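The values are calculated or read from the model by the stated rules, or taken from the named source; none is laboratory data. All values reported here derive from a predicted model rather than from experimental measurement. In this analysis, Cβ positions are derived from the backbone assuming ideal geometry, glycine residues included, and neighbour counts consider all displayed protein chains. Accessible surface is based on the protein model in full, side chains and every heavy atom, while ligands, DNA and RNA are left aside. Shrake-Rupley method; radii C 1.70, N 1.55, O 1.52, S 1.80 Å.
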Amino acid sequence: METFLDLDALSILNGINDGVVIVNGQGVTIWVNNSWDRITGLHRENVLYKTMYEVVEEGFYDCSVTGKVLANRCISSVYQKTKAGKLLISTGTPIFDDHQAIRYIIICMRDITELTEIKNQLAETHRLSQKYIAQISELKKNALRANIVAESKAMRDLLDLAEKVAVVDSTLLITGESGVGKEVLAKYIHDCSPKRSESPYVKINCGAIPAHLLESELFGYEGGAFTGAHKTGKAGLYEVADGGTLFLDEIGEMPLELQAKLLHVLQDNKIMRVGGTKPRCLDVRVIAATNRELKELVQAKAFRADLFYRLNVVPLHIPPLQQRREDIIPLAAFFLNQYNQKYGMKKIFSNALLDQMLLYPWPGNIRELSNTIERMTVTSAEDLLIPDNFGVTPPDYNTSFNDHPVFSEALNHPSGKLEDIVALYEYRMVESAVSQYGSQVKAAEALGISLSTLARKLRWGRSFLTYLQK
């Protein structure tokens, strides 16, 4: 012991910023350096000439590294908490005598209280940031939905599906009649994507560009690739959309020879400019849309089957407006408000006009509805829009509706109101669907309305018919 204490090593250990403890082979603390008191928050009298087991039993430490070193006979580390509330990481190193017995254990202690607090603060900050990101994402999604009118169950379900697929990079195919809002849905998916919403959204109409120019517009060209080409070449829209979304509208109009190249691009995520020799790796999410029946085009050999299946990973079908009549009035109100603000007007709908718009089949879908509202807004001399401003009579309204047995019931009633005719027609449709599908749940899904809406229409129809029979 005297020989050990004569060593200059103790002076060296006293100069170390970390706490240092020397324990003998029996586990008794025989020395601590000057930093130990500060590191542990204890007094050296609490541990000197005591075994580490006694120190733990008296509560100065919650565990002992000494016991671990004596048991394992090798360098060992433990996390310790002192009675003063300090958090430490302690590493014990055994020193053996000539007979390989442990003579001393040198323990180095480092205060990690502050580091642990910082770690906990970082974890809490991360948790809060994730929470705020989720809240911001939800607010953003709600803001985006505010610009899309979707009252019918079919459209609400479609938007729910769109939000789910927006977080992945699967290729999407949007189908539906002309004017149903395919581009609006594609842009909504792009805007909902956490990965791509801040990157470019690029649209190209495959049916609006001549076939011989479509490839260079889509994939770009190198300088001198063809007569009239710019000498420095030009990036195609696929390159412009790198990191974002490329919307291929009217994909059914794409030439067959270009379909093969598009298929390879979708598979390899690489494009080759016209006249180029080096492929370019790109990160682009492709959304395609068409108002044509691609399966029929495949059967007619006018569209590649392999490209169809590659595009149709997640199909999204937008039903025509006449199949989701719950959206007609909200859409009309949305467009009227939009055009009132645009032109500084205060036009409003009459109930009779709303009834007439509900009966109209809207073959041009939302695009026709929007154009009709704009026309009525700018041409009407009065603020109240009436059926005369509509300028369109629902097909066979004066004949076939009168002759139909369903409507003859309502028309023969003294009220003769248009809203009664519409409501009774809807009731008959609902009644027929329930009979056809065998349950109200399946009928509501088939009609694209909520179960509560279906039940309400059934209740109204039954009470109305009971009233007519009196």
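Near the amide H of Ile174, under 5 Å away, which other amide H atoms are found, from residues 5 or more places off or on another chain, if H is placed in the peptide plane?
Answer set, sorted by chain and number: Ala288, Ala289, Thr290, Leu316.
Starting from the Cα gyration tensor of the chain, multiply each eigenvalue by 5, take the square root, and state the resulting semi-axes largest first in whole Å.
Square roots of five times the eigenvalues give 76, 35, 21 Å.
Once you have the Kirkwood Rh of the stretch 140-227 from its Cα pairs, apply Stokes-Einstein at 37 °C and 0.692 mPa s and quote D in µm²/s. Walk me through the intermediate numbers first.
On the way: Rh = 15.3 Å.
D, rounded to a whole number, is 215 µm²/s.
Could you tell me which residue out of Phe308, Thr290, Phe226 lies farthest along the dipole of the stretch 165-310 toward its positive end? Charges go on the beta carbon: Lys and Arg +1, Asp and Glu -1, centred on the Cα centre.
Value: Phe226.
Taking the Cα centre of the chain as origin, sum charge times position over the Cβ atoms of Lys and Arg (+1) and Asp and Glu (-1), and report the length of that vector in debye to the nearest 20. Mind showing how you got there, number by number?
On the way: 52 positive and 56 negative charges, 120 e Å.
Dipole about the Cα centre, nearest 20: 580 debye.
Based solely on its DSSP helices, what 222 nm [θ] is calculated for the chain when runs of n ≥ 4 H residues each add -39,500 (n - 2.57) and the sum is averaged over all residues, nearest 500 deg cm²/dmol?
So the helix-based figure for the chain works out to -14500 deg cm²/dmol.
Got a sec? Charge dipole of the stretch 1-70, +1 on Cβ for Lys and Arg, -1 for Asp and Glu; which of Val20, Cys63, Val32 is way out at the positive end?
The listed residue farthest towards the positive side: Cys63.
What whole-number value in Å² describes the accessible area per residue of the chain for a 1.4 Å probe?
About 53 Å² of surface per residue is accessible.
With a 10 Å radius around each residue's Cβ, average the other Cβ atoms per peptide and rank 342-353, 171-182, highest first. Please report the intermediate quantities before stating the final value.
Values: 342-353: 13.5, 171-182: 21.4.
Order by mean packing, descending: 171-182, 342-353.
Hey, how many Å between the Cα centroid of the stretch 173-224 and the Cα centroid of the stretch 254-294?
Each part's Cα centre sits 12 Å from the other's.
Over 21 Å between Cα atoms, which of Lys164/Lys195; Lys81/Lys119; Lys164/Lys187; Lys234/Lys261; Lys182/Lys295; Lys231/Lys261 qualify? Walk me through the numbers before you get to the answer.
Details: Lys164/Lys195 13 Å; Lys81/Lys119 16 Å; Lys164/Lys187 14 Å; Lys234/Lys261 18 Å; Lys182/Lys295 19 Å; Lys231/Lys261 24 Å.
Listed pairs above 21 Å: Lys231/Lys261.
What residues qualify as long-range amide H neighbours of Gly276, i.e. H under 5 Å apart, gap of 5 or more or another chain, H built at 1.01 Å from N?
Residues meeting the amide H criterion: Glu222.
I'd like the antiparallel share, as a percent to the nearest 5, of DSSP beta bridges with both residues in the chain.
60 percent
How long, wide and thick is the stretch 59-103, going by the Cα atoms along their three principal axes, in whole angstroms, largest first?
Largest first, the stretch 59-103 extends 39, 16, 13 Å along its Cα principal axes.
Checking the a/c ratio against 1.5 first, then a/b against b/c, what shape does the Cα gyration tensor give for the stretch 12-74?
Note, shape of the stretch 12-74 comes out oblate.
Applying the Karplus parametrisation 6.51 cos²θ - 1.76 cosθ + 1.60 with θ = phi - 60° to the phi angles of the stretch 52-59, what ³J(HN,Hα) value in whole Hz is obtained for each residue in order, glycine and proline being reported as x?
Each residue's phi maps through the Karplus curve to give 5, 5, 5, 4, 5, 5, 7, x Hz.
If the cut-off is 18 Å between C-alpha atoms, which lysines fall inside it for Lys442, apart from same-chain ones fewer than 8 positions away?
Partners found: Lys153, Lys457.
Under 12 Å Cα to Cα from Lys278, which aspartates and glutamates show up? Leave out anything in the same chain fewer than 8 places away.
Correct list for Lys278: Glu222.
Just to check, using Stokes-Einstein with a Kirkwood Rh over alpha carbon pairs, what's the diffusion coefficient of the stretch 240-345 at 37 °C and 0.692 mPa s in µm²/s?
Diffusion coefficient, whole number: 195 µm²/s.
Of all the accessible heavy-atom surface of the chain, with the other protein chains kept in place and a 1.4 Å probe, what percent is carbon and sulfur? Intermediate results must be reported in sequence, preceding the final value.
Details: 13190 of 25120 Å².
On the chain, the fraction of accessible area on carbon and sulfur atoms equals 52 percent.
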